[in-house]
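Written out below as structure tokens is the structure these notes cover.
The values are calculated or read from the model by the stated rules, or taken from the named source; none is laboratory data. Treat the numbers as computed from the prediction; the structure is a model and nothing was measured. Note that each Cβ is placed from the backbone with ideal geometry, even for glycine, and that neighbours are counted across all protein chains shown.
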Amino acid sequence: MQRRQLSAQEVIWYDPQWLADPAAPVFDPAHWRRHNRISGQASGRGTTWFIRSDGGDAALRHYRRGGLFGKLVRDCYWFSGWDNTRSQQEFALLSTLRAAGVNVPRPLAARAVKRGLCYRADLITEKIAAARDLAELLQQGPLDTEEYRHIGIEIARLHRAQVNHTDLNIHNILLDTDGRVWLIDFDKCHAQSGNGWQQSNLDRLLRSFRKEVKKRAIHWQEQDFAALLDGYRSVRK
Ligand SMILES: Nc1ncnc2c1ncn2[C@@H]1O[C@H](COP(=O)(O)OP(=O)(O)O)[C@@H](O)[C@H]1O
Ligand SMILES: [Mg+2]
């Protein structure tokens with residue numbers, strides 16, 4: 001990862017293999033739209049734009065808050081140092097996880113722009129090709145035992161790397177057409193030693209399955225989680 005301070009208000013972190021000119025307007029969706037390089041979008045808290053860059057397909061996301069507080073200060077975060085910004089933290093965590101062999105998107109570039117006491121942030125990651133999230137897949141039909149086992153295995157590998165995914169829900173787990181499982185959305189997640197927190201990641205995920213049965217009528221049954229746990233426990237610590 002390289003770091004470049006573009007001005008007193010702006011810092012970017014990037015992979016020089018992907019970005020040759022750190023001053024290029026890569027974080028601006030309008031830039032990609034002008035060049036007809038937007039290939040799609042996905043929505044979570046905000047919009048994630050899929051862009052066709054010279055270095056391959058990528059996902060561009062502007063950090064946004066959720067909840068009621070988020071309606072007031074949408075995308076402003078309290079500044080406490082460049083290396084404490086959401087975007088820098090997520091970029092660094094993704095690099096660490098890739099080095100540990102966990103299936104997460106390759107980080108390409110991150111930015112923080114300071115304004116007064118606040119900052120705004122953006123992140124660009126490599127797009128996971130031919131992948132869909134579990135919420136989407138399960139609305140169409142059930143997954144098989146082997147797929148659930150693989151999801152459990154990937155979560156165990158994340159935990160073996162000592163990373164706490166504080167928002168592990170079915171929208172943040174992708175499955176590609178080769179059957180590979182990908183974990184995404186590491187905003188506010190962190191490396192953590194010790195035990196105890198791992199179970200709360202699994203509890204959060206179970207709540208997410210249960211909630212989406214009611215909300216989106218996903219094809220999921222309690223016993224599917226047993227297959228997931230079975231995969232999780234098959235990984236040596
Ligand atoms: N690298 C990526 N490859 C493919 N799809 C992605 C990627 N990053 C994000 N997405 C899609 O965009 C959605 C929102 O991104 P996410 O990182 O979860 O942010 P948030 O939930 O905070 O909006 C995801 O649920 C997923 O569908
Ligand atoms: Mg998400």
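Here is how the numbers come out for the structure above:
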read-out: First in region 160-172 and outside the structural domain of Ala42 (by TED's automatic domain parsing) and under 17 Å from Ile128 (Cβ atoms), second anywhere and more than 10 Å from ligand 2 (Cβ to nearest atom) and in a loop (DSSP other than H, G, I, E, B), Cβ under 7 Å, 6 or more apart; value: His165/Cys189
read-out: Qualifying residue in region 73-82 (condition: touching a residue at least 12 places away in the same chain (Cβ under 8 Å), in contact with a helix residue (DSSP H, G or I) (Cβ under 9 Å, 6 or more places away or on another chain) and in the same structural domain as Val11 (by TED's automatic domain parsing)); value: yes
read-out: Options Arg65, Arg3, Arg74; residue that is basic (Lys, Arg) and more than 19 Å from Arg115 (Cβ to Cβ); value: Arg3
read-out: Subset of region 90-123 (residues that are aliphatic (A, V, I, L, M), in contact with a Lys or Arg (Cβ under 8 Å, 6 or more places away or on another chain) and crowded, with 17+ Cβ neighbours inside 10 Å); value: Leu94, Val102, Val104, Ala112, Val113, Ala121, Leu123
read-out: Residue list for region 124-150, filter: buried (at least 18 other Cβ atoms within 10 Å of the Cβ) and over 24 Å from Tyr232 (Cα atoms); value: Ile124, Thr125, Glu126, Lys127
read-out: Val26 being in a loop (DSSP other than H, G, I, E, B), of a type in the set (A, V, I, L, M, F, W, C) and more than 23 Å from Arg132 (Cα to Cα); value: yes
read-out: Tally, over region 169-204, of residues that are closer than 17 Å to Tyr232 by Cα, hydrophobic (A, V, I, L, M, F, W, C) and within 11 Å of ligand 1 (Cβ to nearest atom); value: 5
read-out: Check on Ala156, over 15 Å from the mean Cα position of the chain (by Cα), within 15 Å of ligand 1 (Cβ to nearest atom) and closer than 29 Å to Arg216 by Cα; value: no
read-out: Answer from Asp57, Asp21 - the residue that is more than 23 Å from Cys118 (Cβ to Cβ), part of a strand (DSSP E or B) and of a type in the set (Asp, Glu); value: Asp57
read-out: Search result, residues across region 214-234 that are exposed (fewer than 15 other Cβ atoms within 10 Å of the Cβ), more than 25 Å from Lys127 (Cβ to Cβ) and not polar (S, T, N, Q); value: Lys214, Lys215, Ala217, His219, Glu222, Ala226, Asp230, Arg233
read-out: Boolean, Ala135 is of a type outside the set (Phe, Trp, Tyr) and away from ligand 1 (no atom under 16 Å from the Cβ); value: no
read-out: Test: residue in region 109-128 that is within 13 Å of ligand 1 (Cβ to nearest atom), under 17 Å from the mean Cα position of the chain (by Cα) and within 28 Å of Lys215 (Cα to Cα); value: yes
